[in-house]
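Values quoted throughout were computed directly from the atomic coordinates according to the rules given, and no laboratory measurement underlies them. Because the structure is predicted, anything quoted here is derived from the model rather than measured. Positions of Cβ are backbone-derived with ideal geometry, glycine not excepted, and every protein chain shown enters the neighbour counts.
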Amino acid sequence: MNVSSEGSVLVDAEGDVVKARRKGRELATALGFSSTDQTLIATAISEITRNIVRYAGRGLVAFSRIERQGRCGIEIVASDDGPGIADIEIAMRDGYSTGKSLGVGLPGARRLVDEFEIVSNVGVGTTVTLRKWLR
């Protein structure tokens with residue numbers, strides 16, 4: 001897979017959710033994604049970026065153009081050095097939340113993209129990778 005970095009957004013406040021969302025939508029637009037897919041991408045970015053603010057306090061969301069087997073897409077990697085997730089399987093269940101939210105963030109983001117990966121270690125942090133392919 002070819003990856004071309006398109007920048008990143010440092011996340012440490014609620015306003016950075018909007019910045020990350022905007023950056024992702026701009027890249028999705030430049031890549032030729034439909035307005036519907038742009039909205040799906042922006043929503044997924046909002047969900048994972050809010051989790052950084054809520055649970056880790058600080059993190060980074062990086063954006064890249066990707067290409068695999070002649071297909072073009074967008075990759076978003078959200079990482080933090082927060083508390084980590086003790087049980088990813090439980091965290092990926094709809095309705096589960098350690099905070100006072102609806103528990104739709106991670107599972108919701110997973111449904112909005114084509115590929116979703118999460119790696120987390122307690123006391124070390126979490127990295128969520130989202131990929132959406134141009135149709």
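Which of the residues that make up region 118-134 are within 11 Å of the chain's Cα centre (by Cα), within 17 Å of residue 65 (Cα to Cα) and of a type outside the set (Lys, Arg)?
Scanning region 118-134 gives 128, 129, 130.
Residues 68, 50, 58, 25: which one is touching a residue at least 40 places away in the same chain (Cβ under 8 Å) and closer than 13 Å to residue 132 by Cβ?
Numbers: 50 fails: closer than 13 Å to residue 132 by Cβ; 58 fails: closer than 13 Å to residue 132 by Cβ; 25 fails: touching a residue at least 40 places away in the same chain (Cβ under 8 Å).
Unique residue meeting the criteria: 68.
Looking only at region 17-57, how many residues end up being outside any helix (DSSP H, G or I) and surrounded by fewer than 19 Cβ atoms within 10 Å (Cβ to Cβ)?
Let us first name the residues in region 17-57 that are outside any helix (DSSP H, G or I), namely 32-34, 57.
Those still in the list that are surrounded by fewer than 19 Cβ atoms within 10 Å (Cβ to Cβ) too: 32, 34, 57.
Within region 17-57, residues that are outside any helix (DSSP H, G or I) and surrounded by fewer than 19 Cβ atoms within 10 Å (Cβ to Cβ) number 3.
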